[in-house]
Amino acid sequence: FVRLAESGGGSVQAGGSLRLACTASGFVHSRWCLAWVRQTTAKEREEVARIDGDGSIGYEDSVKGRFTVSADNDKKTLYLQMNNLKPEDTAMYYCVSEYGTCAPAVEEYDYWGQGTQVTVSS
């Protein structure tokens, strides 16, 4: 059983920062994939950052240099430090997980949190 819970969302002005957190309970450990997926009001969904089961880190191109993903040693908590936020970053941010390697497509993730809303104003 896996439960993911996001926190840290809010409303900021462009250029501001937010730090999201995801707490994972249940059978989640360092060999699992943990990632952040966002969904806009247009229902566009994209993975923005991940820590794969082997510990490798990846970012979607639009957030490189602005977002930093990290986790504690056992991946019980996942973070997303978001700097220099832009209005186009406005979305519902979900913490997602999968046993082993990260999914090749966001729709394939097995576990999703409820999401935390990030709103960036101009």
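Summary table below
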quantity	calculated
Residue in the stretch 43-60 that is within 18 Å of SER121 (Cα to Cα) and of a type outside the set (Phe, Trp, Tyr) present	no
So THR101, is it within 20 Å of GLY9 (Cα to Cα) and β-branched (Val, Ile, Thr)	no
Top-ranked residue of the stretch 58-77 - restricted to ones that are among the hydrophobic types (A, V, I, L, M, F, W, C) and at pLDDT 95 or above, ranked as farthest from the chain's Cα centre (by Cα)	VAL63
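The values are calculated or read from the model by the stated rules, or taken from the named source; none is laboratory data. The shown structure was predicted, so the numbers you read here are calculated from the model rather than taken from an experiment.
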